[in-house]
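Shown next, in structure tokens, is the structure this report addresses.
Only the coordinates and a few stated rules stand behind these numbers; no lab work does. Note that the structure is a prediction, hence the values are computed from the model and not measured. Backbone-built Cβ (ideal geometry, glycine too); neighbour counts: all protein chains shown.
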Amino acid sequence: MPSNEHDRIIVAGGGPTGLIAALSLARQDIPVLLLEQQDAPRDHRRATTFHPPTLEYLDDLGMVDKVLDDGRVTPVWQVRDRKEGVIAEFDLGALKDETRYPYRVQCEQMELNRALYAELDGMANVDIRFSHEVSGADQDADTASVTANTPDGEARFTGRYVFGADGARSSVRKSIGVGFEGFTYDEKVVQYGTTFDVSAAMPDIAGVAYISDPDEWCVILHLPDYWRVTFSSREGEPDDVAVRDDVAEARMAAFFGASGATVELHRNVWSIHQRVAENFRKGRLIIGGDAAHINSPMGGMGMNSGVHDAVNFADKIGQVWRGEAGEDILDRYTRQRRHVALEDVRQQTIRNTKFIAEKDPDERRKSQAEFRAIAEDPDKAFRFMMGSSMLAGLRAANALE
Ligand SMILES: Cc1cc2nc3c(=O)[nH]c(=O)nc-3n(C[C@H](O)[C@H](O)[C@H](O)COP(=O)(O)OP(=O)(O)OC[C@H]3O[C@@H](n4cnc5c(N)ncnc54)[C@H](O)[C@@H]3O)c2cc1C
């Protein structure tokens, strides 16, 4: 058995997945060592959408108020056509009997990260080390270890289990030696943050809108202090050109038919992928979040899935830790979470990405007719929203043995 010194869980990576895992473990009195490669919490403008089941988990951990305070509650979202306007509108209020949070919240993922670091900071059983880059992981019968590059040189840390939440390029995943099969889209996404009032140019816009177009699709998200506008990349346009002030502003002005659409807040270009690891566990080494699966951001599911992974993992480790379950329960973590990644998130985000960018006129008409039919039928709309809000997929996966 491990010595007391090794009586801890090592979490590699302090993004939302690693931080939620650390907090969920610490709340069960399980000691945690979290290793983060950056020298401090960094502000990345990535996820903004929090779905109902994620808000419930955050509530269970006492963290939901931060997201509600810093975010924008968004009960209604739209599917639109660039020329025709609203195709379908979905009011998540219809899910009020299914969830305590029948809405999406648009809040920067970095706000959640900051709040989680602050919460973990004061906890006696949590040790956070910045500037610790995990380079590999290994295990024996009783322990799991990582090697990390630290300010004092290479160091080795041992615990009972390692949770690899070290993002898409995960060193822990590479140490496990599992494949990360899938594909990368040819198109990238170009993200602009603006205080330009999008609702002045589009008065009927909801707080979340997916605007399809064969030539230039767009996703619009309303955050508390600004609008995030996401376009497809333009063929042949280098990333450094897409983020130039003049290019960003000309693109916004052309899209919204309004001058003065400045892009003063942020400009990013992201590649998009669909990949799921072959297995999320090898013995005492377990992976979650982007380390285990990455998907297109259409539908806002990556960070939400990472949070769900972290809660699921921490619950099962807690049972093993207290002697309530054998280690094989950790395979159930893989079965449940890999099922969601493959059968739910992957399917939905591929469909969303195809719909918004579809060029074929017949396919466009067909999928728009399908969206209209769903929105007009309350039963169909309810089932659709249970899926798009991640409630149905999570429940189905949690029921798997
Ligand atoms: C443009 C865009 C929009 C998105 N929108 C949404 C959305 O609205 N909703 C949603 O749910 N998802 C969204 N996503 C996806 C979401 O951002 C990711 O799924 C999420 O960040 C995954 O969290 P994570 O903690 O698993 O990984 P990360 O956030 O990547 O965190 C990994 C952490 O590990 C650290 N790290 C990496 N390597 C090492 C190492 N070797 N050693 C130690 N530390 C390491 C990193 O510094 C980082 O802090 C979006 C993504 C993009 C690109």
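Averaging over all projection directions, find the projected area of the Cα convex hull of segment 185-270 and quote it in nm² with one decimal place. Working shown, then result.
On the way: hull surface 21.7 nm².
Computed as one quarter of the Cα hull surface, the answer is 5.4 nm².
What translational diffusion coefficient, in µm²/s and rounded to a whole number, does the Stokes-Einstein relation yield for segment 269-401 at 20 °C and a viscosity of 1.002 mPa s, taking the hydrodynamic radius as the Kirkwood radius over Cα pairs? Working shown, then result.
Details: Rh = 16.3 Å.
For these conditions, the coefficient is 132 µm²/s.
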Summing +1 per Lys or Arg and -1 per Asp or Glu among the other residues with Cβ less than 14 Å from Val241's Cβ gives -2
Counting sequence-distant residues (5 or more places) and residues on other chains, those with an amide H built under 5 Å from that of Cys107 are Thr49, Phe50, Arg72
Toy charge model, Lys and Arg Cβ at +1, Asp and Glu Cβ at -1: segment 55-178 dipole around Cα centroid in debye, rounded to 20, equals 460 debye
Only helices counted: for the chain, with every DSSP H run of 4 or more residues adding -39500 (n - 2.57) and the sum spread over all residues, [θ] at 222 nm is -10500 deg cm²/dmol
About its Cα centre, segment 298-398 carries a charge dipole, from +1 on Lys and Arg Cβ atoms and -1 on Asp and Glu Cβ atoms, whose size in debye to the nearest 20 is 180 debye
Percent of all alpha-carbon pairs of segment 23-77 at distances over 19 Å, whole number, is 49 percent
The answer for the net charge of residues other than Asp213 whose Cβ lies under 15 angstrom from its Cβ, with Lys and Arg +1 and Asp and Glu -1, is 0
Asn398 and Arg351 label points (each 7 Å along its Cα→Cβ direction) are spaced in nm at 2.2 nm
Dipole check, segment 233-357, charges on Cβ (K,R +1; D,E -1), about Cα centroid: among Gln336, Gln274, Val247 the Cα furthest to the positive pole belongs to Gln336
Rounded to the nearest 0.05, FRET efficiency between Ala325 and Glu181 (Cβ-Cβ, R0 30 Å) equals 0.50
Surpassing 19 Å at the alpha-carbon level, of the pairs Lys96/Lys366; Lys188/Lys354; Lys96/Lys316, are Lys96/Lys366; Lys96/Lys316
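Which whole number in µm²/s is D for the chain by Stokes-Einstein, with the Kirkwood Rh taken over Cα pairs at 20 °C and 1.002 mPa s?
Values: Rh = 21.9 Å.
The diffusion coefficient I find is 98 µm²/s.
How big is D for segment 230-324, in µm² s⁻¹ as a whole number, if Stokes-Einstein is applied with the Kirkwood radius of its Cα pairs at 25 °C and 0.890 mPa s? Let's see the in-between values first.
Working: Rh = 16.8 Å.
Reported coefficient: 146 µm²/s.
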Given unit charges at Cβ for Lys, Arg (+) and Asp, Glu (-), the dipole magnitude of the chain about its Cα centre in debye, nearest 20, is 620 debye
Note: Asp315 to Thr195 extended length (0.36 nm per residue) minus current alpha-carbon separation gives 39.1 nm
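Expressed in nm to one decimal, what extension gain is obtained for the pair Glu235 and Arg82 from 0.36 nm per residue of sequence separation less their Cα-Cα distance? Write out the running numbers ahead of the final one.
Numbers: separation 153, 0.36 × 153 = 55.08 nm, distance 1.94 nm.
The Glu235-Arg82 span can extend by a further 53.1 nm.
Do you know the relative contact order of the chain, to the nearest whole percent, from alpha carbon pairs under 8 angstrom that are 6+ apart?
Working: 803 pairs, mean separation 81.6, N = 401.
Relative contact order of the chain: 20 percent.
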